[in-house]
Amino acid sequence: MNQIDLSVNYLGFNLRNPVIIGSSGLTDSVEKIKNLEKFGAGAVVLKSLFEEQILIESVKIIKENQTDYPGVDEYIAAYTRDHYLEDYLKLVEESKQAVDIPVIANINCISDNDWISFATKIEKAGADALELNIAILPSDINVNSTDNEKKYFAIIEKVRAQISIPISLKMSDYSAGLANLIQQLSYTGNVDNFVLFNRYYRPDIDIDTLKVITSSLYSMPSEISTSLRWIALLSGNIKKELVASTGVHDGRGVIKQILAGASAVQMVSAIYKKGAEYINVVLKDIEKWMKEKRFESIDDFKGKVSYDQAENPTVFERTQFMRYFSNIK
Ligand SMILES: Cc1cc2nc3c(=O)[nH]c(=O)nc-3n(C[C@H](O)[C@H](O)[C@H](O)COP(=O)(O)O)c2cc1C
């Protein structure tokens with residue numbers, strides 16, 4: 001048997017392995033990124049530049065600097081935005097100089113307004129690709145799903161017009177017509193791959209204080225099933241790379257997602273809990289499994305248990321536990 005080859009194609013880059021460290025505080029400094037590379041990360045996605053945060057920063061500074069001069073508010077808003085952005089661009093530039101693995105910038109956005117011009121600066125700073133984390137919570141009772149989904153199309157069209165580096169779209173699973181939406185987005189030619197899915201902030205209620213609190217910040221391994229289902233259902237139909245995110249906590253999780261048809265995976269919670277060294281453990285576990293199964297490359301098993309290739313694919317479509325309900329007393 002030949003040497004095990006873990007390399008994969010991702011957004012036109014040859015990654016040494018499919019384990020990407022997702023956007024988070026794990027990727028907010030050059031030192032942390034160097035460490036992630038050292039322990040084997042295939043690529044990194046930088047922490048998000050938040051559209052929301054940029055606006056809040058501007059308002060905060062304006063409030064602190066109340067003046068009567070006309071036009072000053074706009075000046076301060078623009079200054080603050082640029083300042084905040086400068087730090088981000090520095091992170092992109094310095095990370096690119098410090099590591100050989102691809103560095104993907106990330107913007108968290110909800111509109112196609114103000115922030116779009118930032119994409120050009122990010123490209124100029126040297127980012128290998130841009131991941132758009134389009135965070136649309138369909139919570140407005142006056143907005144129907146078509147209008148919510150239009151935002152995705154508007155954003156990617158405007159960003160594509162600004163930059164030529166690959167664009168990755170990190171989505172949520174909140175969509176009534178998810179499969180069709182992803183297919184239509186793939187047809188636009190404005191997106192190079194899809195990250196399924198972002199894990200949103202989860203609220204909880206403290207029954208002692210009667211206050212809203214943050215539920216678990218980190219995912220559980222059992223949360224893998226949502227992205228696994230959709231990667232399996234879509235990988236045979238969508239002619240773009242699909243990248244799994246949420247609930248990938250170990251080598252087994254990576255293997256499952258690739259069997260379902262993922263091109264790569266993103267890991268965050270498990271690395272927060274176990275440290276950058278754990279990437280090495282994950283990679284070793286994948287290699288061990290590949291040896292046992294006599295697979296020499298990732299392509300040898302990619303998609304083998306996708307909807308199109310699994311022996312019993314309807315399980316991916318099953319929504320009811322009918323059989324179990326009738327048997328479990
Ligand atoms: C502490 C923390 C910070 C995060 N920050 C970001 C962020 O800035 N941008 C983003 O797109 N996703 C962010 N995420 C979401 C992760 O990139 C990822 O999609 C999510 O945690 C699911 O993956 P996991 O199950 O491997 O943790 C964050 C997650 C955590 C736990």
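The values are calculated or read from the model by the stated rules, or taken from the named source; none is laboratory data. Being a predicted model, the structure only gives us computed values, none of them experimental. Here Cβ is always computed from backbone atoms with ideal geometry, including for glycine, and neighbour counts include all displayed protein chains. For accessibility, only protein heavy atoms count, side chains too; no ligands or nucleic acids. Shrake-Rupley method; radii C 1.70, N 1.55, O 1.52, S 1.80 Å.
Brief remarks on what is shown
- 3J(HN,Hα) along the stretch 239-247: 8, 9, 5, 10, 10, 8, 9, 4, x Hz, from the Karplus curve 6.51 cos²θ - 1.76 cosθ + 1.60 with θ = phi - 60°, whole Hz, x for Gly and Pro.
- Based on the Stokes-Einstein relation at 4 °C and a viscosity of 1.567 mPa s, and on the Kirkwood radius from alpha carbon pairs, the stretch 170-329 is assigned a translational diffusion coefficient of 75 µm²/s.
- For the chain, the per residue solvent-accessible surface stands at 53 Å², with DNA, RNA and ligands left out and a 1.4 Å probe.
- Theoretical FRET efficiency, 1/(1+(r/R0)^6), r = Cβ-Cβ of Lys274 and Leu217, R0 22 Å, to 0.05: 0.90
- For Ser245, distant residues with modelled amide H under 5 Å away: Leu196, Phe197, Gln266
- Distance between modelled label sites at Phe13 and Ser111, nm, 7 Å Cα→Cβ extension: 3.1 nm
- Antiparallel beta bridges, as assigned by DSSP with both residues in the stretch 8-327, represent about 20 percent of the total such bridges.
- Label-to-label distance, Asp300 versus Leu210, with points set 7 angstrom from Cα along the beta-carbon direction: 6.3 nm.
- Under Stokes-Einstein, with the Kirkwood radius over Cα pairs as Rh, the value for the stretch 83-130 at 4 °C and 1.567 mPa s is 116 µm²/s.
- Cα-based values for the chain, radius of gyration first and Dmax second, are 21.0, 76 Å.
- In the stretch 154-220 the Cα-Cα distances spread across 10 Å bins starting at 0 as 17, 36, 23, 17, 7, 0 percent of all pairs.
- In order along the stretch 122-128, phi translates into HN-Hα couplings of 5, 4, 5, 5, x, 4, 6 Hz, rounded to whole numbers, per the Karplus curve 6.51 cos²θ - 1.76 cosθ + 1.60 with θ = phi - 60° and x for Gly and Pro.
- The modelled label-to-label distance between His83 and Asn144, using points 7 Å beyond Cα along the C-beta direction, is 4.5 nm.
- Long-range HN-HN contacts of Leu49 with modeled amide H, under 5 Å: Asn106, Ile107, Asn108
- Axis of helix 251-260 versus longest Cα principal axis of the chain: the two differ by about 80°, to the nearest ten degrees.
- Rg and Dmax of the stretch 236-277, based on Cα coordinates, read 11.3, 36 Å.
- Surface listing: Thr314, Thr319, Thr246, Thr27 arranged by accessible area from highest to lowest gives Thr319, Thr314, Thr246, Thr27, probe 1.4 Å.
- Greater than 25 Å apart at Cα, pairs in Lys150/Lys211; Lys34/Lys291; Lys47/Lys170; Lys150/Lys302: Lys150/Lys211; Lys34/Lys291; Lys150/Lys302
- Solvent-accessible area, 1.4 Å probe, carbon plus sulfur percent, for the stretch 8-327: 51 percent
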